[in-house]
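The values are calculated or read from the model by the stated rules, or taken from the named source; none is laboratory data. Because the structure is a prediction, the values reported are computed rather than measured. Using ideal geometry, Cβ is built from the backbone for each residue, glycine included, and neighbour counts are taken over all protein chains shown.
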Amino acid sequence: MSDSQQKLIEQAAAWVLESRSTVCLTGAGISTESGIPDFRSKGGIWDRFDPKDFEIRRWLASEDIQRRYWEVAQDGYDLVRNATPSKGHFALAQLSLHGYLKLLVTQNTDGLHQKAGHDPDKIVELHGTSHVCVCVGCGSKLLRSEVHARVQGGEVIPKCEDCGCLLKPDAVFFGEGLSPEKLSRAVEASKEAGVFLVAGSSLAVRPAGGLPERARRAGARLIIVNEGPTRFDARADMRIQGKTGDVLPALVDVVLT
Ligand code: APR
């Protein structure tokens, strides 16, 4: 940790300590240290797959896209379910456990915040979860591990056993609506926050990426912890350049001592 980073961390910790409430928004960058690639860094997911194939109408209309999805998703899901939380995940869980983090809003669907012991009642998975599948017809849900085993067993495009419609991961595809309840919970907490902390996100995708602006407009201090640039760096009260796995534990250490 450089001296300048340490000074920023101490100031950020002071803001968290005096804040009426702190809300944190995480993105894929907090899980790269768990071995899960992010989307927009070099070599990230959108360097390897076409985001248009994750547009819900295209996906539903094309057996070829569905087949390709389930082929590559097997490795992707193995990576996610075997991943261990990063030091950043554990640090945020500690901050929450000690009452300094009112709500964690994550864009990630990997479940690593929960795996790090973060109270699930204090997490909003805005983009859903990779650990559950849902039927696009009747809405019934089943564990991803069960569908994973069926695809491993040769089912090329898994279908719902109740109604015969397509199954898809219970993660939000492009063009799909977010859960109104989850979004309003995230928006309300952001508007009441004294500190809004972004960790590991480019803030490229709305509405999640718009939460920092809502919080700032409502009076929050905006702290961004990220390796790469984000859309809101110029409007942040503080930007700490670095790995979430280094910065977040250092921040939590100062808050908790
Ligand atoms: N520490 C800090 N920052 C990191 C780290 C790390 N260890 N690893 C990567 N980053 C940064 C990258 O520099 C990048 O700016 O995290 C950011 C991740 O940005 P994206 O790849 O755009 O991921 P995210 O912001 O979560 O994307 C939002 O876009 O494609 C959709 O639904 C998808 O939820 C996703 C949404």
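Scanning the stretch 55-88 for residues that are under 19 Å from the mean Cα position of the chain (by Cα) and not in a helix (DSSP H, G or I), we see that the one that is nearest to the ligand (Cβ to nearest atom) is Ser86. Taking first residues from the stretch 180-208 that are within 21 Å of His89 (Cβ to Cβ) and partners that are part of a strand (DSSP E or B) and among the aromatic types (Phe, Trp, Tyr), the Cβ contacts under 7 Å between residues at least 6 apart in sequence or on separate chains come to Ser190/Phe196. Within the stretch 175-231, being crowded, with 24+ Cβ neighbours inside 10 Å and either in a loop (DSSP other than H, G, I, E, B) or among the acidic types (Asp, Glu) (or both) holds for Ala193, Gly200, Ser201, Ala220. Restricting the stretch 150-171 to residues that are assigned to a strand (DSSP E or B) and among the hydrophobic types (A, V, I, L, M, F, W, C), the residue that is farthest from the chain's Cα centre (by Cα) is Leu166. Just to be sure before I move on: is Gln107 within 14 Å of the ligand (Cβ to nearest atom) and under 22 Å from Thr26 (Cβ atoms) in the structure I sent? Criteria met by Gln107.
Take the conditions surrounded by 15 or more Cβ atoms within 10 Å (Cβ to Cβ) and within 15 Å of the ligand (Cβ to nearest atom) and apply them to Pro51. Does it pass?
no
Look through the stretch 222-232, keep the residues that are free of Cβ contacts under 8 Å to residues at least 60 places away in the same chain and either over 14 Å from Ala199 (Cβ atoms) or small (Gly, Ala, Ser) (or both), and return whichever of them is farthest from the ligand (Cβ to nearest atom). Among those that are free of Cβ contacts under 8 Å to residues at least 60 places away in the same chain and either over 14 Å from Ala199 (Cβ atoms) or small (Gly, Ala, Ser) (or both), it is Arg231.
A quick yes/no check of all residues on (1) under 21 Å from Ala208 (Cβ atoms); (2) assigned by TED's automatic domain parsing to the domain that holds Gly210:
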{"position": "Leu8", "(1), (2)": "no, yes"}
{"position": "Arg48", "(1), (2)": "no, no"}
{"position": "Lys52", "(1), (2)": "yes, no"}
{"position": "Ile56", "(1), (2)": "yes, no"}
{"position": "Gln74", "(1), (2)": "no, no"}
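If you go through the stretch 147-173 and keep only what is more than 22 Å from Asp53 (Cα to Cα) and in contact (Cβ under 8 Å) with a residue 12 or more places away in the chain, you end up with Asp162, Cys163, Gly164.
If you check Ser21, Ser62 for being touching a residue at least 60 places away in the same chain (Cβ under 8 Å) and of a type in the set (Ser, Thr, Tyr), only one passes: Ser21.
Could you tell me which residue of the stretch 94-147 is farthest from Gly175 (Cα to Cα), considering only residues that are hydroxyl-bearing (Ser, Thr, Tyr), outside any helix (DSSP H, G or I) and over 16 Å from the mean Cα position of the chain (by Cα)? Before you say what the answer is, go through the steps one by one.
Just the residues of the stretch 94-147 that are hydroxyl-bearing (Ser, Thr, Tyr), to begin with: 96, 100, 106, 109, 129-130, 140, 145.
Within this subset, residues satisfying the condition of being outside any helix (DSSP H, G or I) are 100, 106, 109, 129-130, 140.
From what is left, the residues that are over 16 Å from the mean Cα position of the chain (by Cα) are 100, 140.
Working: Tyr100: 34, Ser140: 21 Å.
So the residue we want is Tyr100.
Pairing residues of the stretch 34-51 that are in contact (Cβ under 8 Å) with a residue 40 or more places away in the chain with residues that are part of a loop (DSSP other than H, G, I, E, B) and within 10 Å of the ligand (Cβ to nearest atom), at Cβ distances under 6 Å and at least 6 apart in sequence or on separate chains, gives Ser34/Ser86; Asp38/Gly44; Arg40/Ser202.
Given the structure, is Glu155 in the same structural domain as Leu60 (by TED's automatic domain parsing) and not aromatic (Phe, Trp, Tyr)?
Numbers: in the same structural domain as Leu60 (by TED's automatic domain parsing): yes; not aromatic (Phe, Trp, Tyr): yes.
Taking the combined requirement at face value, the residue satisfies it.
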